[in-house]
Amino acid sequence: MVYDFHTHTFLSDGINSPIELIRFAVAAGYKCIAITDHASYSNLDYLIEKVKKDCKLAEDYWDITAIPGVELTNVPAKSINDMAKYAKDLGAKLVVVHGETIVEEVEAGTNWEAVNSRYVDLLAHPGLFSQREAKAAAKNDIYVEITSRVGHSLTNGIVVKSGREAGVKFLINSDSHSHKDLFLNDSQEKIAKGAGLEADEIRDIFSKNNKDFLAKIGH
């Protein structure tokens with residue numbers, strides 16, 4: 001059963017509608033999917049209103065947990081806490097922050113502001129993740145992503161190394177921009193192994209972290 005807390009639809013830069021992506025996830029055997037389109041103040045109200053409707057529709061008719069969320073992307077680092085609170089006030093169940101991936105010019109300090117926010121739940125693809133950032137994430141119960149996304153995944157090994165030493169809680173996400181990016185068969189486990197996670201660590205993510213994260217976001 002797959003839990004995937006980071007995906008995109010045509011409401012930002014993906015290709016599927018929210019309900020269409022959820023349907024593909026159901027067909028792929030997913031237990032849980034979060035819709036987390038790229039967001040800032042320009043589209044937060046619209047995104048959350050629309051995605052909440054399709055997530056409810058999916059849960060009413062299909063055996064899947066569908067979570068309406070957002071990914072705060074390339075916003076000023078110092079705006080993250082207030083923007084994440086605004087998203088939660090609008091009804092987003094999950095706030096992801098687009099971390100300092102090495103393949104984009106994300107503002108320095110984004111990781112730090114994310115892992116110290118009361119309203120952020122997940123730091124995605126944090127790039128050259130530092131020990132300082134990892135310790136703050138662990139202290140503040142901010143989960144950290146291991147990703148299968150091309151480019152962003154180049155630093156998975158560094159994320160695991162820093163996060164493991166600090167006691168960070170990891171999630172394995174697809175960052176899907178198409179139904180073709182969703183996890184199939186054992187691909188999620190392969191991403192985890194490729195990042196350097198040991199068998200017991202992977203087992204903990206699948207059996208414990210996924211469920212604990214759902215409890216954290218109150219879903």
Among residues of the stretch 37-61, those that are more than 14 Å from PRO18 (Cα to Cα) and in contact with a helix residue (DSSP H, G or I) (Cβ under 9 Å, 6 or more places away or on another chain), counted: 5
Which one is nearest to LYS193 (Cα to Cα), of the residues in the stretch 139-160 that are in a loop (DSSP other than H, G, I, E, B) and aliphatic (A, V, I, L, M)? VAL150
Are any residues in the stretch 171-195 in a helix (DSSP H, G or I) and either among the hydroxyl-bearing types (Ser, Thr, Tyr) or more than 18 Å from VAL26 (Cα to Cα) (or both), and if so, which ones? SER187, GLU189, LYS190, ILE191, ALA192, LYS193, GLY194
Name the single residue, out of those in the stretch 161-170 being outside any helix (DSSP H, G or I) and without any contact (Cβ under 8 Å) to a residue 40 or more places away in the chain, that is nearest to THR147 (Cα to Cα). PHE170
Please work out which one of (1) hydroxyl-bearing (Ser, Thr, Tyr); (2) buried (at least 19 other Cβ atoms within 10 Å of the Cβ); (3) assigned to a loop (DSSP other than H, G, I, E, B) is the condition THR36 fails and give its number. (3)
Is it true that some residue in the stretch 83-97 is of a type outside the set (D, E, K, R), surrounded by fewer than 24 Cβ atoms within 10 Å (Cβ to Cβ), touching a helix residue (DSSP H, G or I) at 6+ places or on another chain (Cβ under 6 Å) and more than 19 Å from ALA25 (Cβ to Cβ)? yes
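Going through LYS161, LYS180 one at a time, which residue ends up being touching a Gly at 6+ places or on another chain (Cβ under 9 Å) and of a type outside the set (Ser, Thr, Tyr)?
Every option except LYS161 fails the conditions.
Read-outs: derived from the displayed coordinates by stated rules, not from any lab. Computed from a prediction, not measured in an experiment: that's the story for all the values here. Counting neighbours? That spans all protein chains shown, and the Cβs are built from the backbone with ideal geometry, glycine included.
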